[in-house]
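Heads up, the thing below is written out as structure tokens.
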Amino acid sequence: MVKLFKGNVINPKSPSELEVRENCIIAVKNGIIDAMFDDLSSLPEEYQGIKIEDFKDGIIIPSFTDLHIHVSQYVQRGVGMDVLLFDWLNNYTFPQEANFRNIDYARTIYSQVIRDMLRNGTTQVAPFTTIHYDACDLFFRMLEESGMYSYMNKINMDMNSPEYYVEGTEESIAETERFICEHSGSKWSGRNRLIMVPRFAPTCSDALLRGLGKLADKYDLGLHTHLVESKAEAAWSAELFPQYGSDGAIYEQCGLMAGGGPKIFAHVIFPSEVEYELLKNYTTYSVHCPISTNNITAGIMPVSDLMKRGLRVALGTDVGGGHDMALYKVIGSAIQSSKLKAFYEENYSRIDLAKAFYLATAGGGSAFGWFGKLEPGYHFNALVLDGLQDDGFELPLLECLERFCYAGDDRNITHRFIDGNLIDPDEVFSRISQL
Ligand code: GUN
Ligand code: FE
């Protein structure tokens, strides 16, 4: 089935080039972009007669990929922002995440999370959930219903966690294997894929990490965890696992890098040469979550240094360390944070809008396949933006995008598409809150 859309396209062609195509017609065949035309007269015969959905002055951009968010921390947005990571985890996060043992609580919160991601234009996500099998199963089924794409699993933690929110080692491994077996195969859409999600080394025993490593190998799965997030975290990991020598080496030597999927590492703020080598040797995504790492005073990822070394970088909200669900706000924050880093560090170079927008779309999207660009072959997962102009003064298209990333909100997103289908966040909410 072919659909035709028309509008002003902004495409993240490369980290250094934002391509603008005014009044462009996009032909979408079975959810995938088939061809793009700059004027009606070049429309080939096969598309003539098909109604064009014309967004007029609207700006069409790829939808966003949030490659690191704790969906179970939704109610913590903007709360408990005056403490450092460990106090924040112990005093706010663990008590709150423990509530997800109650499936009704999970349903109430998770349906709002999905609605809010869609409202803000996120259609691909790598979520952290909680340790609870049933709540994770519900979240998976909600994602299936929503049309979104994800990499997920239950999370794992068997030590340095409060007694009301911790698992036994064997139980954690067994429940993870059950989750993998129950959520793969032909009864599911294939859009929501599995990955291993140990919280981070300090809350996982060596035996747990090795058990999960065996599952990663057996089921050919990638990894999603936190890596060198703060100086305190890296030091604690080194103290708990002296035999491995660095935060990154723990995951590698426990076998968690052996599977075939992407290896997603949140934060990567203090990578040593060992981490840089490891990030280079596997299909890794280092996820920059500047709103969060400012809030919990963890530091600023050296994005430019990672990119100069040819490493893949993506953006994440890291809600609830991050207080905002909107990836476009993370774009603005990533640029601001890089300016501060460059201001205080002589040899650091800042990033600009083209680079930050690329990371939020094509950068993270590539973890899922052909996502995050508006070019033939890519999924038509896209947003239409409007309402970014003031009366009496005309902003060029690229500056409208820039304004959106600093001063926009979800009212500027007039349409959201997944695989060429129009998505209504409120309609999705009404369905998933019944699951
Ligand atoms: N490290 C371990 N758990 C967490 C978490 O929930 N949030 C953040 N930002 N870092 C973590
Ligand atoms: Fe996180």
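Each reported figure results from applying straightforward, stated rules to the coordinates on display, with no laboratory input. What you are looking at is a predicted structure, and each value in this text was computed from that prediction instead of being measured. For neighbour counting, all protein chains shown are included, and Cβ atoms are generated from backbone atoms with ideal geometry for every residue, glycine included.
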What's the center-to-center distance, using Cα atoms, between the range 219-250 and the range 32-95 in Å?
30 Å
Amide H partners (placed H, <5 Å) of residue 194, local residues excluded:
152
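Would you mind computing Rg(Cα) / (2.2 N^0.38 Å) for the chain, counting N as its residues?
0.96
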In a solvent-free Debye calculation with one equal scatterer on each Cα, what is log10 I(q)/I(0) for the range 352-435 at q = 0.20, 0.21, 0.24 Å⁻¹, listed in the order of the q values?
-1.09, -1.14, -1.25
By the gyration tensor of its Cα atoms, with a ≥ b ≥ c the square roots of the eigenvalues, what is the shape of the range 386-428: rounded for a/c under 1.5, prolate for a/b over b/c, or oblate?
prolate
List the relative contact order of the range 351-435 as a percent without decimals, with contacts defined as Cα pairs under 8 Å and 6+ residues apart.
25 percent
Estimated FRET transfer efficiency (residue 77, residue 46; beta-carbon r; R0 51 Å; 0.05)
0.60
Name the aspartates and glutamates eligible as straight-distance cross-link partners of residue 187: C-alpha to C-alpha under 16 Å, and not fewer than 8 places from it in the same chain.
137, 144, 145
Percent relative contact order of the range 262-359, based on C-alpha pairs within less than 8 angstrom and at least six residues apart?
25 percent
Centre separation in Å (Cα based) which lies between the range 303-369 and the range 144-188:
28 Å
In terms of the Cα gyration tensor, with a ≥ b ≥ c the square roots of its eigenvalues, is the range 39-193 rounded because a/c is under 1.5, prolate because a/b exceeds b/c, or oblate?
prolate
Which three lengths, in whole Å and largest first, does the range 220-337 cover when its Cα atoms are put on their principal axes?
38, 29, 26
Taking a ≥ b ≥ c as the square roots of the eigenvalues of the Cα gyration tensor, with a/c under 1.5 meaning rounded and otherwise prolate when a/b exceeds b/c and oblate if not, the range 140-260 is prolate
Dividing the alpha-carbon Rg of the range 206-277 by 2.2 N^0.38 Å yields what?
1.05
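Eight or more residues apart or on different chains, and alpha-carbon atoms under 15 Å: count the Lys pairs in the range 262-381 matching that.
Qualifying lysine pairs in the range 262-381: 6.
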Space enclosed by the convex hull of the alpha-carbon atoms of the range 284-394, per residue, Å³
144 Å³
Label point distance in nm, residue 421-residue 349, each placed 7 Å from Cα along Cα→Cβ
4.4 nm
At q = 0.23 Å⁻¹, work out log10 I(q)/I(0) for the range 1-67 with the Debye formula, treating every Cα as an identical point scatterer and leaving solvent out; two decimals please.
-1.05
Here the relative contact order (percent) of the chain, from C-alpha pairs under 8 Å and at least 6 apart, is 22 percent
Helix-only mean residue ellipticity at 222 nm, the chain, DSSP H runs n ≥ 4 weighted -39,500 (n - 2.57), per residue, nearest 500. What is it?
-10000 deg cm²/dmol
